[in-house]
Amino acid sequence: MQISKVRKMTECAMMIALGTILSYFTIFSLPMGGNITVFSQVPLILIGYRHGWKWGAFSGVVFGLLQMVLQGLGNFAYVKTLGAYLILILFDYVFAFGVLGLSGAFFRRLKNQPLGIGLGAAVGSALRFLCHFISGVTIWGEYAAGWQSVWAYSLGYNGSYMLVEGIVTIVGVAALALVLDFKSPNLRKSKS
């Protein structure tokens, strides 16, 4: 059974909304920013896995823009040049969350759904970290301590929260994949 375009759009909108709500529930916040949330990346991984890379990436970009408007506008006060504004928008929001939705589709062909979706979550989290790392090196490096290289600063800062956020996401998607079939239109596991 094919899933209609209207249903896909509805599911994407619901998952973007769910991810946005979950992003407000933080397990831990770092002093200078960077949050470990309660499964906020999970809905984006699920969209990519369920509906493919185009739906997932588009949903991730929409989610990223919502994050920028709802929670990230304060970051614009710290950057000074047009180039820095562009890097902030692209690498901290658009690309960072777009790759999460994209990554869900990477391992869809694996027969073991929890493994496939877990690997997608791991790749997505790693790609999101890479986006934030690039942003950290290019525009946030002035916050590195005098004794610390900008590379070490960005690695430590972004790695400290993205590693845990990635693990939380992997656990979340794998647990859901044990009880739901994301390739099935009704999400029910077939009894075999």
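Positive end of the dipole of segment 35-175, charges at C-beta (+1 Lys, Arg; -1 Asp, Glu), about the Cα centre: which of 71, 124, 56 has its Cα farthest in that direction?
Farthest towards the positive end: 56.
With a probe of 1.4 Å, find how much accessible area segment 22-141 has per residue, and write the answer as a whole number in Å².
On the way: 5520 Å² over 120 residues.
Computed with neighbouring chains in place, this is 46 Å² per residue.
Hey, got the dipole for the chain? About the Cα centre, +1 on K and R Cβ, -1 on D and E Cβ, debye to the nearest 20?
On the way: 14 positive and 5 negative charges, 213 e Å.
Computed about the Cα centre, the dipole is about 1020 debye.
Among all lysine pairs in the chain that are eight or more places apart or on different chains, how many have alpha carbons less than 18 angstrom apart?
Taking the Cα cut-off of 18 Å, the pair count is 9.
Ignoring any ligand, DNA or RNA, what whole percent of the accessible area of the chain comes from carbon and sulfur when the probe is 1.4 angstrom?
Numbers: 7310 of 10170 Å².
About 72 percent, which is the carbon plus sulfur part of the accessible surface.
The values are calculated or read from the model by the stated rules, or taken from the named source; none is laboratory data. If you're wondering where the values come from, they're calculated on a predicted model, not measured in any experiment. With ideal geometry, Cβ positions are generated from the backbone for all residues, glycine too; neighbour counts draw on all protein chains shown. Heads up: the accessible areas ignore ligands, DNA and RNA and are worked out on the full protein's heavy atoms, side chains in. Shrake-Rupley method; radii C 1.70, N 1.55, O 1.52, S 1.80 Å.
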